[in-house]
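Right, one structure below, let's go through it.
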Amino acid sequence: MSSQGFWLIFLLPVISFVLISVLVKPLTRRDSPVAGYITIMAITGSVILSIWTLAEVLGAPNHEIHVPDIIWVTIGDFTIKTGIIMDALTAVMVVVVSVVSLMVQIYSLGYMEHFVHHDGDTYTRYYAWMSLFTASMLGLIIADNLLLMFVFWEMVGLCSYLLIGYWFHRPSAANAAKKAFIVTRFGDFGFLAAILVLYTNTGTFDTAQLSDMAATGLLTGGILTWAAIGIFSGAMGKSAQFPLHVWLPDAMEGPTPVSALIHSATMVSAGVFLVARIFPIFAHSIEAVTLVATIGGFTAIFAASMGLVMNDIKRVLAYSTISQLGYMMLALGAAGIVLNHEGHVTVEAAKAAVAIGIFHLFTHAFFKSLLFLGAGSVNHATGTFDMRLMGGLRKAMPWTYITFLMGALSLAGIWPLAGFWSKDEILITALDGNTLLFILAMITVFMTAFYMFRVIFMTFHGEYRGGESEEYRHPHESSKVMVLPLVFLAVLAVGVGWWSLGGNFAEFMGEHHPHAAGFFDIFASSPWPIISLLLALAGIGLAYLMYGSKRISAEKIGARFKMLYNALINKYWFDELYENIIVKKALLGGIFAGFQEVDANGVDSVVNGVAEGTFGSGNIIRRLQTGQLQLYGLFIGLGAAVIAIVLFIVS
């Protein structure tokens, strides 16, 4: 494939966005699905090109294809070049983003139909932003320098803001969009600062050159460590890592297909991808990789604990996403710790070390998008996301049930589904890197299985509890256009994990992984896969006893551990901490209180004074406008006389 073909992966969704915004919106009816068809065709093209790219990278030397740079900006002697980095990491990510996005766009034709016909909404605005969202993520993936990556990074943030607040007339949606935008800005400040530090000390934005400088010792010490930590702060914001996790659960206010895309292949995956792309720099700082592993391991168990008690099905999945992103960060950080312990930190080794974290991102994208789309299907049937109003849906919605079950089993890490293979690698790497983080990861395995099958039993088993209103008394299966993407993603949730067998995925990323094994050999090579599988089954068993057979009372457990339950259901009061204490008291009432006085008594006084002066002078001049022609003639005559006298004196 030529370099133009690689660029088209990104450009096709851009073209879709432009066509919908410029032509489709003014020329079609409000309820016309033309915008959806254009988006689907464009992203289908990206999928085809992405799969073609993956095949070419698989057969290329060192699994990398060189693409010539393009001069982006020239100002005197200052030149910024940009281009595409087409390696194994890029090839995997473009397939993930384009395939998941295509399924989401197809599903949206059915999901958004209700809102178009009942709420007077439009397809055009929705699909225009979804096209731009997909393009932004693809641009971030293929960019070969930090400056261009930052541009696309901010575009991803902008699109997430627009789509989370898609129903902007709802105060909750508008507030959620602002919250996501503001919280992620804190992380992005660190990312931008790191870019400036790196450029100041190296004179380049190119990620490959920066990696080589770190490997050769030209970039080292505190500069390297602080730059890595700054980049990681940006990743923490986008990937909702503790303590910047608070925006992601509220992002559920957007349409459910948007949630599916954000949580699986775009916004939150961007942070993990960023760390993986810059990992050769991270790997040369033991402090940086230890921080990544620690934050990731803590986030995994911290978020999973809140998922145990949520009653909104999308919020359970949201906390699950935060937890799984923590797993990915743990995998990246632990791999870096192992590299440092082995004393074998090269660019090639660092690129290969990201295989474990990226493989979990790869599998997670498919089963998490499946679960969110399944939640949207359930919402169509019941009118609610509250699982306490569901139950018994497996009979009314058999396709949704079986596909959702496949996604839940994969997320729980049940053999031989995709999630089992990717989680197993993370657990073994965590054990090699840090024993405490390994223990946290193992506990999270149990919690993940429990909260996912709590969702299964509350939503699909037992008796139906009536939905949101009388309109939803008789739930039924969703339309084919919504079910088909569920089936396709379910197949992927079952099968994509097998790519890791025999170390195939690790070898594709650059190096044979020491823990790679065959389909059954993995159980013979280590006891931990069996133990993790037993923990997952125990979590499913406990969920069945509490929410399936109800032999154990969930209410009594909650009452016995009331303080813990209150902490979990209130999300450890982090929202209250940030809003009431840090923002209102510490910032507005403390640090910025003086600025408020300056603003009120200084800036406002000057601005108001200028306005009052202008108004006063205008009022005086207005009085001269009497409307009497004789007076006007007098002033004209006097003016002419003054001009004549001045000219006479000057001459």
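A few notes on this one:
- The C-alpha atoms of the chain define a longest principal axis, and helix 267-277 lies at about 80 degrees to it.
- Among the listed values [x] 122, 59, 52; [y] 81, 57, 55; [z] 112, 68, 52, the one matching Cα extents along the principal axes in Å as calculated from this structure is [z].
- Karplus-derived 3J(HN,Hα) values for the stretch 298-311, using 6.51 cos²θ - 1.76 cosθ + 1.60 with θ = phi - 60°, are 5, 4, 4, 7, 4, 5, 4, 4, 6, x, 5, 10, 5, 9 Hz; glycine and proline are entered as x.
- Neighbourhood net charge (12 Å Cβ-Cβ; Lys/Arg +1, Asp/Glu -1) for N340: -3
- Summed residue charge, Cβ within 15 Å of K395's Cβ, Lys/Arg positive, Asp/Glu negative: +1
- Heavy-atom surface of the stretch 58-118, accessible at 1.4 Å and reported per residue (Å²): 42
- Annotation: amide H of R465 within the under-5 Å range of M390, G391, sequence separation 5 or more or interchain, hydrogens built in the peptide plane.
- Percent carbon-and-sulfur accessible area, the stretch 156-196, ignoring ligands, DNA and RNA, probe 1.4 Å: 80
- 3J(HN,Hα) couplings calculated from phi for the stretch 60-69 with the Karplus curve 6.51 cos²θ - 1.76 cosθ + 1.60 (θ = phi - 60°) are, in sequence order, 7, x, 6, 6, 8, 10, 7, 10, x, 6 Hz; Gly and Pro show x.
- Cβ charges +1 (Lys, Arg) and -1 (Asp, Glu), total dipole of the stretch 285-395, debye: 600
- Heavy-atom accessible surface of the stretch 14-136: percent carbon and sulfur, 1.4 Å: 65
- Amide H contacts of K81 (H built 1.01 Å from N, in plane; Pro and chain starts excluded): W72 sit under 5 Å, all sequence-distant by 5 or more or on other chains.
- Separation between Cα centres of the stretch 198-237 and the stretch 51-80, rounded to whole Å: 20
- Positive contributions from Lys and Arg (+1) and negative ones from Asp and Glu (-1), summed over other residues with Cβ under 15 Å from the Cβ of V57, come out at -4.
- Per-residue HN-Hα couplings for the stretch 315-332 [Karplus 6.51, -1.76, 1.60; θ = phi - 60°; Hz; x = Gly/Pro]: 6, 4, 5, 5, 5, 4, 4, 4, 5, 5, 5, x, 4, 5, 5, 4, 4, 5
- Computed with every protein chain present, the accessible area of L492 is close to 40 Å² [probe 1.4 Å].
- Distant-in-sequence amide contacts of M86, defined by a placed amide H-H separation under 5 Å and a gap of 5 or more residues or a different chain, comprise I65, V67.
- FRET efficiency for the K550 to V487 pair, using the beta carbon distance and R₀ = 45 Å, is estimated at 0.90.
The values are calculated or read from the model by the stated rules, or taken from the named source; none is laboratory data. None of the values given here were measured: they were computed from a predicted structure. When we count neighbours, we look across all protein chains shown, and the Cβ atoms used for this are built from the backbone with ideal geometry, even at glycine. SASA here: full protein model, heavy atoms, side chains in, ligands and nucleic acids out. Shrake-Rupley method; radii C 1.70, N 1.55, O 1.52, S 1.80 Å.
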